[in-house]
Every structure is written in C-alpha cells, then in structure tokens.
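Reviewing the structure listed below.
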Amino acid sequence: MAIVDLYPTSLRLLGRPVLVVGGGAVAARRAKALLDAGARVTLVSPVLSAPTQELADAGLITWLGRGYEAADMTGAWYAVAATGSLEVDARVAADAEWNRVWCVNHSDTQESAAWTPAVATVEDIKVAVNAGGDPLRAVAIRNAIAAALETGELPLQRFRGTAGGPVSRDIDKLGRRSGSVALVGGGPGAEDLITVRGRRLLAEADVVVADRLGPRGLLETLGENVKIIEVGKTPGHHPVPQTEINAILVREAQAGNRVVRLKGGDPYVLGRGGEEAIACRENGVDVEVVPGVTSAVSVPAAAGIPVTHRGLAKAFTMISGHEELENVPHGSDHTVVLLMGVGTLNRSMPILEAAGRGRDCPVAIIENGYAKNQRVTIGTLGTITALAQAGQVRNPAVVVVGDVVRVSPLAPEELATANYGTRETISSLS
C-alpha cells in the first residue's frame with residue numbers, strides 16, 4: 001500500500017464495540033489505547049499475557065478465552081488482528097473486509113486495511129503520524145512533534161471551542177471572560193535561552209506586551225491574530241511609563257485575553273515584575289511568574305566569565321549601575337555585576353577602586369550578550385572608563401568587576417597571568 005492510499009482521519013469510538021484478537025503485548029497496547037478512546041473492547045484469545053490479564057482482571061474488557069470465530073466480528077466498528085499468527089490474522093482481516101469493518105492486521109502491514117499511527121497527546125491536541133509502514137520512523141517523527149508542542153515551538157493558541165464556537169473561558173462574577181497574565185522572563189536575548197514554560201505560554205498568548213530586550217525574534221513566530229504591544233524602554237527614555245504598563249496588563253486580561261509580559265532576563269531581577277504582579281492581583285487578575293535566565297549571570301558566561309570561581313571568588317553582588325556602591329563587599333575576590341552600568345562608569349569605577357579593589361582590579365563589559373554583535377571590552381578599574389569611551393560602548397551591556405575576569409579566554413595575557421600564574425593554572429582551579 002502506498003502512502004497516497006491513506007486517508008487520515010480520527011475515529012470517535014466512545015461507547016462503540018471494537019474487537020481485538022490476540023492476547024500478547026501488542027494486543028494489550030491496542031486494547032489499552034482503545035479503552036482510552038472510550039471504546040467497548042472485546043478481546044478474543046485462549047491465553048493472556050500479563051498486561052492483557054490485568055485488563056481482564058480489572059473488568060475493563062470482555063474476554064473470550066478461546067480461539068477466534070467469524071461470528072466475533074458481528075457488530076464491531078473496528079478490529080485489531082494481533083495474534084502473531086499469519087494465518088489467524090489473515091482470517092480476521094478477511095472477515096473484517098466482508099463485514100466492512102476497518103481492521104489493523106499486525107502480521108501483514110502492507111495488506112492491512114488500516115494502520116495504527118504513532119500518537120502524541122499534548123493537552124487536548126492529538127497528533128498521529130504514519131510513515132509508510134515504518135513504525136520506528138513514525139515514532140521518531142511523533143516524538144519530535146510532541147517535543148515542539150510541549151516547548152511551544154509549534155502554535156498552541158486556540159481559535160474556537162470544541163463545539164465550533166468561540167473559545168470558552170471561565171466567567172468572573174461580573175459576567176466577563178476571565179483572562180490571565182504571565183510575567184515571562186525571556187533570558188538574555190537568545191531565542192533558545194527562554195524556559196520551556198515561557199516559550200509555551202508565548203505560543204498560547206492572545207496578547208504579548210514586549211520589552212526592548214529579551215528574545216525579540218520569537219515575536220515573529222506568533223500568529224497574525226496575536227496582538228503585540230511594545231513598551232520597551234531605553235536609558236533615559238521611557239515612552240510607556242510603568243503605571244501605564246501595569247494598566248495595559250490589567251485591561252487586556254480583564255478583556256478575557258491570555259496576556260504574556262515578555263521581559264528580558266528575569267521578571268524579578270531589576271525588571272519591575274513585582275510591581276506588575278501586585279497591580280494584577282489588586283485588580284483581581286490571575287497572574288503567574290515564569291523565571292528567566294538573568295543576564296547578571298548568563299551574559300558574563302557568554303564571555304567565558306563565571307561570577308564565582310574556586311580560588312578566585314566565592315560570592316557576587318548584582319546591582320544596578322545607578323545604585324550606591326559604597327556598601328558592596330570590598331576586595332577583588334568578591335565579584336560585582338553591574339546592570340545598566342555603562343552610563344555611570346566614570347562614577348562607579350572610582351568608588352569600587354577606592355573600596356579595597358585597587359586600580360588593577362580586572363573589569364569586563366559585555367555588550368549585546370549572546371547576540372551576533374556581542375562585543376567584550378576588558379580592562380581594569382583604572383582603564384575601563386577610557387576604553388569604553390574610545391570603543392563607544394553602549395547598552396545593553398553587563399559590567400563585571402573582580403578577579404573572575406581573568407578566567408575569560410578573551411582576557412589579555414598580562415591580565416590573565418597577573419598574580420595568578422598562567423591561563424592553564426587558572427583553568428585548573430575549577
């Protein structure tokens with residue numbers, strides 16, 4: 001049978017009688033799947049394997065403990081021949097053909113009137129895959145599709161309800177469709193560094209309220225019917241104030257939409273996600289927070305810099321470049337990570353230098369972490385401001401201060417070896 005001979009469809013077997021002939025492992029799997037579909041299963045076999053015996057003992061199937069008889073096919077809507085005997089399975093298939101019953105013949109795939117696909121179920125989505133009679137190939141493709149659905153790489157948004165009408169939602173006390181808000185941390189910007197949960201919620205969203213940072217490329221994967229509201233901020237320029245962002249989230253959710261607030265990094269790490277969550281709760285909007293990979297840790301890693309490293313740093317402080325730095329723990333063995341710190345280098349670097357680190361303490365600035373135009377500038381507390389000005393360093397960028405910068409494969413030789421031996425020695429400390 002060629003693949004063009006197939007007409008894919010889904011059978012609704014709830015309450016309908018079906019016949020399974022055979023008592024082995026294959027018959028057990030098929031009987032279980034048919035029971036899951038709500039069918040009334042009659043199983044014919046003189047002996048049962050342990051899995052089929054469990055179904056019989058539980059009263060889930062009607063078991064006829066004998067060999068197959070032609071009369072067994074009477075009244076069946078669907079049949080499975082899985083005895084393992086070519087002769088018996090062929091007879092079952094022939095009787096099914098005579099009675100106009102669709103039958104899966106497991107002993108002769110090419111002559112079978114029907115094939116059992118590899119099936120994946122994600123929420124209320126069922127995907128069935130046939131692969132020209134190659135079950136292992138079908139399973140591999142099925143698994144890939146299931147993974148893409150589970151991670152949100154394939155669209156999960158609903159367009160109509162099960163009865164063909166509008167998508168049903170819970171109704172609140174005022175008679176409105178209830179929406180929801182998900183504050184999703186998109187990570188440092190790379191599309192594959194968002195969490196699986198965040199990616200999936202994005203695929204289900206009706207409305208996306210998007211920042212300037214984060215995985216912007218994912219917005220292009222959304223359907224045309226998804227409403228995208230841009231609220232991105234740049235240093236010193238906030239075209240949509242935070243109070244208005246809060247109001248947008250509440251308004252769109254109260255209109256019955258599933259809203260995703262797509263943010264860079266983590267919603268609760270200098271992201272004002274706490275304020276947005278409070279605004280939703282105060283207005284009776286269901287809100288969840290999906291953590292993201294914070295740029296405070298991930299962007300230094302993109303430059304080969306660990307924020308802690310055995311023998312160099314046991315702790316780190318993450319702080320906004322706009323905050324006071326005098327109380328940050330002293331010493332270059334305590335890593336300092338500055339977010340939004342490029343514009344205040346001329347103030348922050350002298351403070352950290354005077355606080356016990358000294359002029360020669362290493363500093364790295366990583367611009368556009370994980371993007372194609374990522375750039376790393378490395379110097380010291382005494383030189384980094386001038387280097388940044390000469391190189392026209394711009395946000396978005398993360399500033400890392402401390403001895404851990406020496407570990408980076410991009411660190412100049414004189415910086416990597418100063419006081420700590422060779423690069424190889426530093427690497428071996430891990």
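The values are calculated or read from the model by the stated rules, or taken from the named source; none is laboratory data. A quick note: this is a predicted structure, and the numbers were derived from the prediction, not measured. Positions of Cβ are generated from backbone atoms using ideal geometry, with glycine treated the same way; all protein chains shown enter the neighbour counts. Note: areas computed on protein heavy atoms with side chains; ligands, DNA, RNA excluded. Shrake-Rupley method; radii C 1.70, N 1.55, O 1.52, S 1.80 Å.
Among the trypsin sites (Lys or Arg not before Pro) found in segment 287-363, those both in a DSSP coil and sparsely packed, with 10 or fewer other Cβ atoms within 10 Å of their Cβ, are R310. Here each label is just a point 7 Å from Cα along the line to Cβ, and for A90 and V196 those points are 4.6 nm apart.
Taking 0.36 nm per residue of sequence separation and removing the Cα-Cα distance, the T243/K126 pair yields an extension gain of 37.9 nm.
Within the accessible surface of the chain, defined with a 1.4 Å probe on protein heavy atoms only, the carbon and sulfur portion equals 54 percent.
Comparing mean-square fluctuations of R394, R406, R66 from a GNM of the chain with C-alpha springs under 10 Å, the top value falls on R66. What percent do you get for the relative contact order of the chain when only Cα pairs under 8 Å and 6+ apart count? Once normalised by length, the contact order is 9 percent.
The share of Cα pairs per 10 Å bin across segment 281-391, counted from zero up to the longest distance, runs 13, 43, 28, 9, 6, 0 percent.
Segment K314..R251, full-extension length gain: 18.2 nm, with 0.36 nm per residue of separation and the alpha-carbon distance subtracted.
The trypsin sites (Lys or Arg not before Pro) of segment 79-132 that meet both conditions, a loop assignment by DSSP and at most 13 other Cβ atoms within 10 Å of the site Cβ, are R100. Most mobile of Y78, Y370, Y268 per a Gaussian network model of the chain (Cα springs, under 10 Å)? The residue with the greatest mean-square fluctuation here is Y78. For W77, the accessible surface of its heavy atoms amounts to roughly 140 Å² (probe 1.4 Å, protein chains only, rounded to the nearest 10). Taking amide H as placed 1.01 Å from N in the peptide plane, R40 has its amide H under 5 Å from the amide H of G15, R16, V18, each at least 5 places away in sequence or on another chain. Using a 10 angstrom cutoff on alpha carbons, build the Gaussian network for the chain and name the most mobile of T335, T377, T109. Its mean-square fluctuation being the largest, the pick is T109. For the chain, the solvent-accessible area works out to 52 Å² per residue, with a probe of 1.4 Å and every protein chain left in place. Would you mind pulling out the separation of the Cα centroids of segment 53-121 and segment 240-316, in Å? Between the Cα centres of segment 53-121 and segment 240-316 lies a distance of 55 Å. Exposed loop sites were defined as GluC sites (Glu not before Pro) in DSSP loop states (anything but H, G, I, E or B) carrying at most 13 other C-beta atoms within 10 Å; in the chain the longest segment without such a site runs 327-430. Principal axis extents of the C-alpha atoms in segment 174-323 (largest first, rounded to whole Å): 62, 32, 26.
Secondary-structure-derived ellipticity at 222 nm for the chain, considering helices only, amounts to -7500 deg cm²/dmol, per-run term -39500 (n - 2.57) for DSSP H runs with n ≥ 4.
Here is the P(r) of the chain: all C-alpha pair distances, binned every 10 Å from 0, give 4, 17, 19, 15, 14, 13, 10, 6, 2, 0 in whole percents. Here the contact order of segment 218-325, divided by its residue count and restricted to Cα pairs under 8 Å and six or more residues apart, works out to 17 percent.
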